[in-house]
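Structure first, then comments.
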Amino acid sequence: MKTEILVQKAQSGDQTAMLNLLDQFQPLIHKAAWQTHLNPIREDALSQACISFLEAVKMYNPSRSIPFAGYAKAKIYGDIRTLFKQNRRNWQREVSSEYETAGQPILDQLFIPTADIDNSIDKIYVQTLLTQLPRKQKQVLYQTIIHDKTQKETALLLHLSQQSIAALQKKALNTLRKQFPST
């Protein structure tokens with residue numbers, strides 16, 4: 001049966017038509033919710049995709065000359081993108097607040113094998129070196145060294161690839177090693 005006819009029947013309250021539409025659009029719903037960047041919020045994304053589909057059925061207007069499939073896809077992907085952006089803002093706030101509350105303990109916990117940091121002058125020097133690192137490099141060091149997270153966990157948290165995390169960590173540690181005086 002033609003999709004637009006099923007939509008009209010579903011809008012009028014025909015549950016069989018709604019179930020047929022759900023079966024027909026199940027692959028689209030799952031594809032939208034199973035995007036890689038949505039791993040941390042997979043269940044929420046799937047729920048949002050289903051809700052967006054139901055809203056698309058309810059709000060669809062055939063007089064606009066837009067095919068229902070395109071309308072539903074745009075609605076689902078748009079709402080999932082909004083959900084992701086909201087969660088990303090929350091994650092960024094969480095990461096920022098971790099850094100603000102961490103402050104000095106980073107220096108007390110950071111292990112630099114080439115030097116023994118036992119006096120305040122060395123600690124100030126290390127703090128200066130850390131502040132000169134780019135933001136992403138500081139985040140990677142904080143997660144992998146201080147919080148003892150794997151590169152894969154850090155990659156998920158910072159929404160980067162594991163290779164990017166490895167490169168950022170290597171570059172940050174090399175920068176610190178080059179600038180720290182040998183003993």
Along each of the three principal axes of the Cα atoms of the stretch 37-77, give the extent in whole Å, ordering the values from largest to smallest.
39, 17, 9
Sort 59-66, 84-91, 161-168 by the packing proxy (mean of other Cβ within 10 Å over each peptide's residues), most packed first.
161-168, 84-91, 59-66
Straight-line reach from LYS75: which lysines have Cα under 28 Å away, leaving out those fewer than 8 places along the same chain?
LYS2, LYS9, LYS31, LYS58, LYS85
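Read-outs: derived from the displayed coordinates by stated rules, not from any lab. What you see is a predicted model, and the numbers here were worked out from it, not measured in a lab. With ideal geometry, Cβ positions are generated from the backbone for all residues, glycine too; neighbour counts draw on all protein chains shown.
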